[in-house]
1. Under the Karplus relation 6.51 cos²θ - 1.76 cosθ + 1.60, θ = phi - 60°, what is the ordered set of whole-Hz ³J(HN,Hα) values for region 134-149, x standing for Gly and Pro?
2. Please list 120-127, 161-168 highest first by mean number of surrounding beta-carbon atoms within 10 Å per residue.
3. What is the sum of charges, Lys and Arg at +1 and Asp and Glu at -1, for the other residues whose Cβ falls under 12 Å from the Cβ of Leu160?
4. May I have the pair-distance distribution P(r) for region 100-231, computed from all Cα-Cα distances with 5 Å bins from 0 and rounded to whole percent?
5. Given an 8 Å cut-off on Cα distances and at least 6 residues of separation, report the relative contact order of the chain as a percent.
6. On a 0 to 90° scale, report how tilted helix 16-40 is relative to the longest principal axis of the chain, with both axes built from alpha carbons and the result rounded to the nearest 10.
7. Can you run phi through the Karplus equation (6.51, -1.76, 1.60; θ = phi - 60°) for region 83-88 and list ³J(HN,Hα) in whole Hz, with x for Gly and Pro?
8. Obtain the nm distance between the two label points defined at Met200 and Ser15 by a simple spin-label model: each point lies 7 Å from its Cα along the Cα-to-C-beta direction.
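The numbers here are math on the coordinates, done by the rules we state, and not lab data. Everything quoted here is computed from the prediction, not taken from an experiment. No Cβ is skipped: glycine too gets one built from the backbone with ideal geometry, and neighbour counts run over all protein chains shown.
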Amino acid sequence: MSVESRKSASVVRMSPMFRVQHGLLMLTLLVLALTGFALMYHDNWLARLLIRLEGGVLFRGFIHCTAAVILMAQMVFHAYYMLFTREGKRELKDFLLGIRDFADFGQAIRFNLGAASEYPRIGKYGYKEKFQYWGATIGTFLISITGVILWAETTTMSLLPKVVLDITLIIHGYQGLLAFVILLFWHVYNEHLHPSVFPMNRAWLTGNVDAEWLRQEHPLEYEKLKQEGVL
């Protein structure tokens, strides 16, 4: 295949179902981050502004809880989809972490420091995508569990010591902040600001990526698709 035809060819990167799930996750986490920030730092001028924009403390709580229910429902659906559907099982297999991912991570660091001659050759999902996926999965689970405990505050206080509620509040708040910071800086940079995709990787919108981009960024996946006759 010529360079010109490679550039014009496109490869399906995200199916419609995964794009819908990605969009819902993005929206719910953004709403939860903004409404959660307003509660966690309520004395901050920005938090007071957000609370006013959200219609006051009570309505802010309603928005936060509604987004939380959507997030938890999506988490359950995503677990079902990954474990029991054909596409989900295939994607889950590709997302599993292995020794090679940590070796690739180490090689990438050495390459960036000038101690390795080449960047690791990546398959469909490399260490970046896998770390982000499992970090988001674990983080969403922790946010959901701690959120339910805080939501059922009266029941929690009747069954457990107050210190448990205090620790849960800390975990919930800072886990949410950590998830937002990672998404804001790492994920947004890799998928929107990195020179290879700037100004945006449109896979989350169209589902497709250029074959030439795939050849450069995920060469093992490119070679696999070429052998299968997809490219």
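1. 6, x, 5, 5, 5, x, 4, 5, 5, 4, 5, 4, 5, x, 5, 4
2. Listed from highest to lowest mean packing, they are 120-127, 161-168.
3. Neighbourhood net charge equals -1.
4. 2, 9, 13, 16, 15, 12, 9, 7, 6, 5, 3, 2, 0
5. For the chain, the relative contact order is 31 percent.
6. 40 degrees
7. 8, 10, 10, 4, 5, x
8. According to this spin-label approximation, the distance is 2.5 nm.
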